[in-house]
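The values are calculated or read from the model by the stated rules, or taken from the named source; none is laboratory data. Because the structure is predicted, anything quoted here is derived from the model rather than measured. Here the Cβ positions follow ideal geometry from the backbone for every residue, glycine too, while neighbour counts run over all protein chains shown.
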Amino acid sequence: MVCISQMSLTENLLHPRVGKSEITRQNTMSELNRRNFLLRAGTGFSAAWVTANWPALLFAATHAHNAAKAATPPKFAFFTPEEGAEVEAITARIIPTDDTPGAREAGVVYFIDHGLVTFGVDDQKTYREGLPELRARVSEMFSGASKFSGLTAEQQDAVLHSFDENAPAGRRAFRARPGAQNFFETIRLHTIQGFLIDPEFGGNRDGVGWKLIGREREHRFQSPFGYYDKDYPGWQSAAKEADKT
Amino acid sequence: MRVDQPRYKTSDEVDFVIVGSGAAGGILAKELSTNGFRVVVLEQGPYLTEADFSHNEIEILALDKLTNHPKLQPTTVRKTPDEKAKHQRALVYGRCVGGTSVHFTANFWRFHEIDFVERSKVGPVPGAGLMDWPITYADLEPYYTKVEWEIGVSGQAGASPFDPPRSKPYPMPPLAVKSSGVIFERAARKLGWHPYPAPMAILSQARPGRSACVNCGFCLGFGCEVGAKSSSLATAIRMAEKTGRCEIRPNSYVHRIETDANGRATGAVYFDEKRNVHLQKAKAVVVCANGAETPRLLLLSANKQFPNGLANSSGIVGKYLMFNSGGVVTGQFEHPLNDYKGYAVSRVLHDFYELDPQKVGFCGGGGLDARFDFTPITFAFGGLPPGTPRSGKDFKAALAQDFNRTMEIFCHGTSLPVENNSFSLDPDLKDAWGLPALRLTYKDHPDDLKLGNWMFARAHELFEAAGAQKKWGFPAQEQQFGVHLLGTCRMGNDPKTSVINADHRTHDVMNLFLCDGSSLVTSGRGQPTMTIEALAFRAADRITALAKRGEISA
């Protein structure tokens, strides 16, 4: 168990939506074709040549690929434009825009929209039922209002917290239907996925999520990696130093 | 490479059919085909290669591209045999050519002498069916060395004073240390402990057709795009294919072993991709399907002659399951570690491998490792300190500040063999092929939990000595989910208390062999794959000798 606590974490938290990943697959097709090309290109040379050049090839190809896909026009496949605006407003409260880009700039709503017609089809129901509930909740909490996206940030947070089962005690827990996925948990999961996924796979536009967390967008890294290993003298020397003290 | 493979007909009686292509199956395929035998490997998953791997967390982790799928193969879970099991995911294993070795962490510790003789040394442990192995560390040592050299393990011989004797150094130096490793090493030394470079089944130097590790940072859970991780896919399977005598047949889901009137195995029955059923005939069957699927296959193969399942005259097939115990402590530091770069684990310590039960009050031992094995998405769900807001600007700020300043210490330890802990067939739930689903029954032995919490306290001490700004953790809890699947068809000399003998031959069926995590008699201290692979090399030698003496088909 210990070995893959993240796997079980993944299991519990990333897993609810399982379905066939047609478009994810299409998305990765260009990726796969690229690699297949590289591999085939390699077979004409010696294995040693491929070994020596493989990382560099990956590195170069990744950059080309990223540059090529920057200009995709955003268009919804699942949401209506109004629904899209509501969902985008929610994602923007989960990871807001401040002095750095947030979910909005990362294009998270397009990642979600795309996911709902591909790998996340099982979650369509949660959105189909959750969005009207959201609208009702907005009207209930703020008379005269009907759109989440029309509320102030503070009002939006109040609405979202009313959906959040894990919010501090005293807030009203909410489930769309018995057995249904919690709307807030689902959209939170999808927002984080869309913000932090490798930009090659349909979210995290321009790598803004990785910029925020400080993850460099490369396929390979060289030591030293961080502050604590940069002056490491090597195992033998470190062991000798330790023996002296 | 695949085009060079022979294509055997299912009606061809090949020398060996091997079920499973993972850590053990891959090595047996390589060794047996190299020794001149005709081999068919039936793998339930697809044949993916480096070109199919990616850093797509959704596809790989959430959609189980490389692993068993909970919708196709659902499982049930309960704590004790008197409970009704609930539908819940019980396990993750690799479901592709190369098996779990494709996505594993690649921690490659050898077992120590104690792991083979613990029962003799500590005496009986109440509530556990602890048993000595029929082989010793010395028997397995040459095969550990073989794994290191043939498969490719990086490490530093002699760096740990607790290491068992070895006949040869590692074939290549340790991988570059990470900041987590340096922090761990310095703090452990302050405490008088003995940290050392982690032995890893990841190349620090290129080999023909395989790159050295490029530190891409998507390691645990992912397939290696440059062949640096020493999976069966990148190593043994390719060597097996080169012999021209081994066919790897993917998308072949074995669900029964056929036997004849003499009680001998005649082949393996499987579904192909279109769910057509075939029988691959063979002179002998070797099952390497993992510690859950191997006992399941034996139980699914019950017939009139073997009413309790094949090779189950002892009644213990599926029992004495061990997961390995443990806990995790996470710490944050002032400066960036950037530990997302590179593989997972760069430093380990084994000062607590062999604890004195009289002093600590429990049986077992363990190791600690320094690691960071989060991806960006899994970090957002599991890497932030408790109490971090779950949305909004403070959540965002935590992501920004913490991702590069975080590391983990994993506690790895013994699980004692308990008879009730098992994989069995669920009486109600079926998989997508209509076969009975796996049912997990598991309740940790009290000593395992005590050990886990004891190790947890050591990990806290280490973070304290390291000057972590924050530290928090999850102590050992009763497990309901496993990835180390050990002990369910254990090896022994007594057919009443074991399923296979020291040659990996089942006591009941003379041409049926089992080799994988199910063969283990004890759980070691948390890292079983190295031992599974050493056993596979040894099993191949034993099986070859039996075959050459005519003692399998007789």
note = So, first residue more than 17 Å from B:Asp15 (Cβ to Cβ) and within 14 Å of another protein chain (Cβ to nearest Cβ) in segment B:501-529, second residue of a type in the set (Val, Ile, Thr) and assigned to a loop (DSSP other than H, G, I, E, B), Cβ within less than 8 Å, six or more apart or across chains; the pairs are B:Gly517/B:Thr488; B:Ser523/B:Thr414; B:Gly524/B:Thr414; B:Arg525/B:Thr414; B:Gly526/B:Thr414
note = Among the residues of segment B:94-113, the number that are surrounded by 24 or more Cβ atoms within 10 Å (Cβ to Cβ), on the phi < 0 side of the Ramachandran plot and outside any loop (DSSP other than H, G, I, E, B) is 5
ask   = Where residues in segment B:118-160 are under 27 Å from B:Ala234 (Cβ atoms) and within 14 Å of chain A (Cβ to nearest Cβ), which of them is surrounded by the fewest Cβ atoms within 10 Å (Cβ to Cβ)?
value = B:Ala157
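Taking only segment B:183-234 into account, find how many residues are part of a helix (DSSP H, G or I) and touching a residue at least 60 places away in the same chain (Cβ under 8 Å).
7
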remark   = Among helices (runs of 4 or more DSSP H) entirely inside segment A:162-245, those with 1 or more residues being at pLDDT 95 or above, touching a Gly at 6+ places or on another chain (Cβ under 7 Å) and assigned by TED's automatic domain parsing to the domain that holds A:Thr100 are A:183-196
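When you scan segment B:327-336, do you find a residue that is more than 30 Å from B:Cys489 (Cα to Cα), hydrophobic (A, V, I, L, M, F, W, C) and within 19 Å of the chain's Cα centre (by Cα), even just one?
No, segment B:327-336 contains no residue that is more than 30 Å from B:Cys489 (Cα to Cα), hydrophobic (A, V, I, L, M, F, W, C) and within 19 Å of the chain's Cα centre (by Cα).
For segment B:259-293, which residues satisfy the criterion of being acidic (Asp, Glu) and without any contact (Cβ under 8 Å) to a residue 40 or more places away in the chain?
Across segment B:259-293, the qualifying residues are B:Asp260, B:Asp272, B:Glu273.
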task = Kindly establish whether B:Cys411 is within 14 Å of chain A (Cβ to nearest Cβ), within 23 Å of the chain's Cα centre (by Cα) and crowded, with 23+ Cβ neighbours inside 10 Å.
result = yes
ask   = In segment B:222-239, what residues are over 12 Å from B:Glu50 (Cβ atoms) and surrounded by 23 or more Cβ atoms within 10 Å (Cβ to Cβ)?
value = B:Ser230, B:Ser232, B:Thr235, B:Ala236, B:Ile237
query = Just one of B:Ser232, B:Ser252 is in contact with a helix residue (DSSP H, G or I) (Cβ under 6 Å, 6 or more places away or on another chain) and polar (S, T, N, Q); which is it?
reply = B:Ser232
inquiry  = Can you report the number of residues in segment B:230-249 which are over 10 Å from B:Ala29 (Cα atoms) and of a type in the set (A, V, I, L, M, F, W, C)?
reply    = 2
inquiry  = Go through segment B:141-161 and report how many residues are touching a residue at least 60 places away in the same chain (Cβ under 8 Å) and closer than 19 Å to B:Ile114 by Cβ.
reply    = 3
note = Among the residues of segment B:169-189, the number that are aliphatic (A, V, I, L, M), crowded, with 24+ Cβ neighbours inside 10 Å and at the interface with chain A (Cβ under 9 Å from one of its Cβ atoms) is 4
message = Just checking, does segment B:287-294 include any residue being surrounded by 24 or more Cβ atoms within 10 Å (Cβ to Cβ), under 20 Å from the mean Cα position of the chain (by Cα) and within 18 Å of B:Asp260 (Cβ to Cβ)?
response = yes
query = Which pairs have Cβ atoms under 8 Å, sit 6 or more apart or on different chains, and link a residue in segment B:428-447 that is farther than 15 Å from B:Phe271 by Cα to one that is surrounded by fewer than 18 Cβ atoms within 10 Å (Cβ to Cβ) and of a type in the set (Val, Ile, Thr)?
reply = B:Thr441/B:Thr80; B:Lys443/B:Thr80
query = If the Cβ limit is 9 Å and pairs must be 6+ apart or interchain, which residue in segment A:219-245 that is closer than 21 Å to B:Gln332 by Cα and within 7 Å of another protein chain (Cβ to nearest Cβ) pairs with which residue that is loosely packed, with under 12 Cβ neighbours inside 10 Å and at pLDDT 90 or above?
reply = A:Tyr227/B:Glu334
inquiry  = Report every pair of residues separated by at least 6 positions or lying on different chains whose Cβ atoms are under 6 Å apart, first residue within segment B:107-124 and in contact (Cβ under 8 Å) with a residue 40 or more places away in the chain, second loosely packed, with under 15 Cβ neighbours inside 10 Å and outside any helix (DSSP H, G or I).
reply    = B:Phe116/B:Thr136
